[in-house]
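Here's the structure, in structure tokens; my notes come after.
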Amino acid sequence: MNSLFIDKAPEDTRIVVAMSGGVDSSVTAAMLKEQGYDVVGVTLQLYDHGEAVCRPNTCCAGRDIYDARRVADQIGIPHYVLDYEEVFKRDVMDYFAETYVQGETPIPCVKCNETVKFRDLLETAKDLGGDALVTGHYVQWEKTDQGAILLRGADHRRDQSYFMFTMTQEQADFVRFPLGNMSKDETRALAKKYGLSVASKSDSQDICFVPEGKYVDVVAKLRPGALEPGEIVHLDGTVVGKHDGIIKYTVGQRRGLGIAWPDPLYVIRLDAEKKQVIVGPQEALLEFELTIAELNWIGFTPLPAEGREIEAKVRSAQPPQPATVYPNEDGTARVVLRDGYAGIAPGQACVFYEGERMLGGGWIQKAA
């Protein structure tokens, strides 16, 4: 049994590494090459910014592909660039735009993992004869007698398990995350040790296909007419202002409302059908119950109808809190949060944990 828990010698184990051109995936490929694995690097061409300028803290497709190819040459592995633009446009970018138009707040990184990476790229890895698909995500992977389990990254500040909640058990069994027990500082130290050209490359902070973070421009381009004007309405029914597109707002937002009111107002919800932004006091944001769609459960025993106690995260940057999940027959579920959460946004994810283990989750439809 080798270090990736595959019953082969490393040199007989083909590993397909998803190389984004960043530090994490580059170190992953170099580390496995050093350990003697048969490593193949794959980079996906997902989008074309055209004349968009590469800037710090953003992605630029051409530059990232160049960086991935350069690292592959450095460590001496074959490298392929695959054109996934069509599927990325359909399953990620169009989803992103449509979700905003519906008055929700999307998480495109989860959709990319669900469709492009762990559906399509995973099958490509198998076609290339791979024994595993490996990425540079900060998620811990463990093998058990019942199958693989996914756990939060050892460095909780870098943990990316929240973005993996749609993964099936079959997918979890095939992927590996070698950086899961490391910190970012340790990863960068390895990049310098290996002499990688990307050792000092900045981390990407923005959504990869949104230049300079201007998501409204992207939505308006993909969905012409998305910037329809409407009213800003207080919870008591008073019209307190006008807006020029609900896609510019998200639940919990306080700044940039452009209205005068004696007390601070927050976005409580968005009504896409009426084109209304509903605002109210901060205390109106607190919710204790929500409904999720597309429930994905990767616990080894089924969710009982009478509910199961878990811990839930409703935002990636927030710690899990005690909750109970009640499954419904139609694939949805009801989640009751013990402490509540201020600013539950439809379109975001509710992800389940039991201690360090990630157990799945679903897409937030609405708060109670």
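The values are calculated or read from the model by the stated rules, or taken from the named source; none is laboratory data. Keep in mind that what you see is a predicted model, and the values were worked out from it rather than measured. All Cβ positions, even for glycine, are placed from backbone atoms using ideal geometry, and neighbour counts span all protein chains on display. What goes into the accessible areas is simple: the full protein's heavy atoms, side chains included, and nothing from ligands, DNA or RNA. Shrake-Rupley method; radii C 1.70, N 1.55, O 1.52, S 1.80 Å.
Within segment 68-92, being free of Cβ contacts under 8 Å to residues at least 12 places away in the same chain and either more than 20 Å from P106 (Cα to Cα) or touching a helix residue (DSSP H, G or I) at 6+ places or on another chain (Cβ under 9 Å) (or both) holds for D73, R90. Taking the numbered list (1) within 21 Å of the chain's Cα centre (by Cα); (2) open to solvent by 60 Å² or more (accessible area, probe 1.4 Å) in turn, L290 passes all entries but (2). Among F174, F163, which is the only one that is at pLDDT 95 or above and under 15 Å from the mean Cα position of the chain (by Cα)? Among F174, F163, only F163 is at pLDDT 95 or above and under 15 Å from the mean Cα position of the chain (by Cα). Selection of first residues in segment 8-31 that are at positive phi and of second residues that are part of a helix (DSSP H, G or I) and modelled with pLDDT of 95 or more, restricted to Cβ pairs under 7 Å at least 6 apart or on distinct chains, gives the following pairs, ordered by first then second residue: G21/D67; G21/A68. Scanning segment 300-329 for residues that are farther than 22 Å from A345 by Cβ and surrounded by fewer than 17 Cβ atoms within 10 Å (Cβ to Cβ) returns F300, T301, P302, P304, A305, E306, G307, E309, E329. Pairs meeting the criteria (first residue in segment 342-367 and within 19 Å of Y249 (Cα to Cα), second residue of a type in the set (K, R) and in a strand (DSSP E or B), beta carbons under 7 Å, at least 6 apart or on different chains) are P346/K366.
Against the conditions (1) in a loop (DSSP other than H, G, I, E, B); (2) touching a helix residue (DSSP H, G or I) at 6+ places or on another chain (Cβ under 8 Å); (3) at pLDDT 95 or above, Y47 satisfies every one except (3). Looking at segment 286-294, can you tell me whether even one residue there is at pLDDT below 95 and either touching a Lys or Arg at 6+ places or on another chain (Cβ under 7 Å) or farther than 23 Å from T99 by Cα (or both)? No; the residues of segment 286-294 include none that is at pLDDT below 95 and either touching a Lys or Arg at 6+ places or on another chain (Cβ under 7 Å) or farther than 23 Å from T99 by Cα (or both). Restricting to segment 72-100, name every residue that is under 20 Å from the mean Cα position of the chain (by Cα) and of a type in the set (V, I, T). Selection gives V87, V92, T99. Mind checking whether some residue in segment 222-245 is in contact (Cβ under 8 Å) with a residue 24 or more places away in the chain and closer than 30 Å to A18 by Cα? Within segment 222-245, one or more residues are in contact (Cβ under 8 Å) with a residue 24 or more places away in the chain and closer than 30 Å to A18 by Cα. Among the residues of segment 330-354, the ones that are open to solvent by 40 Å² or more (accessible area, probe 1.4 Å) and more than 22 Å from Q282 (Cα to Cα) come to 3 in all. Based on this model, can you work out whether A284 counts as surrounded by 15 or more Cβ atoms within 10 Å (Cβ to Cβ) and part of a strand (DSSP E or B)? Against the criterion (surrounded by 15 or more Cβ atoms within 10 Å (Cβ to Cβ) and part of a strand (DSSP E or B)), A284 does not qualify. Against the definition (open to solvent by 20 Å² or more (accessible area, probe 1.4 Å), within 20 Å of T43 (Cα to Cα) and under 16 Å from the mean Cα position of the chain (by Cα)), how does H156 come out, yes or no? Considered against the rule, which asks whether it is open to solvent by 20 Å² or more (accessible area, probe 1.4 Å), within 20 Å of T43 (Cα to Cα) and under 16 Å from the mean Cα position of the chain (by Cα), H156 comes out as no.
Determine whether segment 81-98 contains at least one residue that is touching a Lys or Arg at 6+ places or on another chain (Cβ under 6 Å), open to solvent by 30 Å² or more (accessible area, probe 1.4 Å) and of a type outside the set (V, I, T). Scanning segment 81-98 turns up at least one residue that is touching a Lys or Arg at 6+ places or on another chain (Cβ under 6 Å), open to solvent by 30 Å² or more (accessible area, probe 1.4 Å) and of a type outside the set (V, I, T).
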